[in-house]
């Protein structure tokens, strides 16, 4: 005879199984979650500093008229930042000779107090960053203002959302890939913008 306790335990198992199945059948994949969305942003053109200690204005000088993929990190992170760093490391090979010429990668530290240029330089070297992959820090108030303009600011750096932005600096078009977009998806978004530049 089945006891109430046994029935309750079976119900819990059924519920757990149902949730497990739903997680793999209802929730979209990371690739699907990372669909690009055009966004209307007011990003302040403030001076930030790269891993070599050189300062420049974020929008007019660093982005300029190039195509850029932008993401966010902090060097003491052990959770989502290494994933985003790995995605950008992988995409370097996909971009090839365009890296540093027509296309650039930009990683902004969300912990500028810790991530001084020398620390970012060491981080870039560990990742094997090639010319054309820029790491940015700067005065905390300026970095936070840029993050707020990108709608990526979080008072708690441990809970910052993962995302990649694709920017056509020449045409002023910003699009956002939420989550962890694959290197192939980022390259596709960049190439689409590259083609669009030459459309009449």
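Can you say whether residue 192 is in the same structural domain as residue 68 (by TED's automatic domain parsing), within 20 Å of residue 63 (Cα to Cα), under 14 Å from the mean Cα position of the chain (by Cα) and surrounded by fewer than 21 Cβ atoms within 10 Å (Cβ to Cβ), as far as the supplied structure shows? For residue 192, the condition - in the same structural domain as residue 68 (by TED's automatic domain parsing), within 20 Å of residue 63 (Cα to Cα), under 14 Å from the mean Cα position of the chain (by Cα) and surrounded by fewer than 21 Cβ atoms within 10 Å (Cβ to Cβ) - is not met.
The requirement of being over 21 Å from residue 79 (Cα atoms) and modelled with pLDDT under 95 is satisfied by residue 173.
On the stretch given as region 161-196, residues that are without any contact (Cβ under 8 Å) to a residue 40 or more places away in the chain and touching a strand residue (DSSP E or B) at 6+ places or on another chain (Cβ under 8 Å) total 2.
Yes/no per residue for (1) within 16 Å of residue 128 (Cβ to Cβ); (2) touching a strand residue (DSSP E or B) at 6+ places or on another chain (Cβ under 7 Å); (3) in a loop (DSSP other than H, G, I, E, B):
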| residue | (1), (2), (3) |
| --- | --- |
| 61 | no, no, no |
| 68 | no, yes, no |
| 77 | no, no, yes |
| 88 | yes, yes, no |
| 95 | yes, yes, no |
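Looking only at region 152-162, decide whether some residue is at pLDDT 90 or above and farther than 14 Å from residue 74 by Cα. Checked region 152-162: no residue is at pLDDT 90 or above and farther than 14 Å from residue 74 by Cα. Taking the conditions exactly as written (assigned by TED's automatic domain parsing to the domain that holds residue 94 and free of Cβ contacts under 8 Å to residues at least 40 places away in the same chain), does residue 113 satisfy them or not? Yes, satisfied. One residue stands out in region 24-59 among those that are at pLDDT 95 or above and assigned to a strand (DSSP E or B): the one that is surrounded by the most Cβ atoms within 10 Å (Cβ to Cβ), namely 48. Within region 97-118, the set of residues being closer than 17 Å to residue 62 by Cα and in contact with a strand residue (DSSP E or B) (Cβ under 9 Å, 6 or more places away or on another chain) comprises 98, 99, 100, 102, 103, 104, 105, 106, 107, 108, 109, 117. Of everything in region 97-113, what is in contact with a helix residue (DSSP H, G or I) (Cβ under 7 Å, 6 or more places away or on another chain) and part of a helix (DSSP H, G or I)? Give them in sequence order. Of everything in region 97-113, nothing turns out to be in contact with a helix residue (DSSP H, G or I) (Cβ under 7 Å, 6 or more places away or on another chain) and part of a helix (DSSP H, G or I). Scanning region 125-160 for residues that are within 14 Å of residue 111 (Cα to Cα) and either surrounded by 19 or more Cβ atoms within 10 Å (Cβ to Cβ) or touching a strand residue (DSSP E or B) at 6+ places or on another chain (Cβ under 9 Å) (or both) yields 135, 136, 137, 138, 139, 142, 143, 146, 147, 152, 160.
The values are calculated or read from the model by the stated rules, or taken from the named source; none is laboratory data. In this text the structure is predicted, and so the values were computed from the model without any measurement. Neighbour counts run over all protein chains shown; Cβ positions are idealised from the backbone, glycine included.
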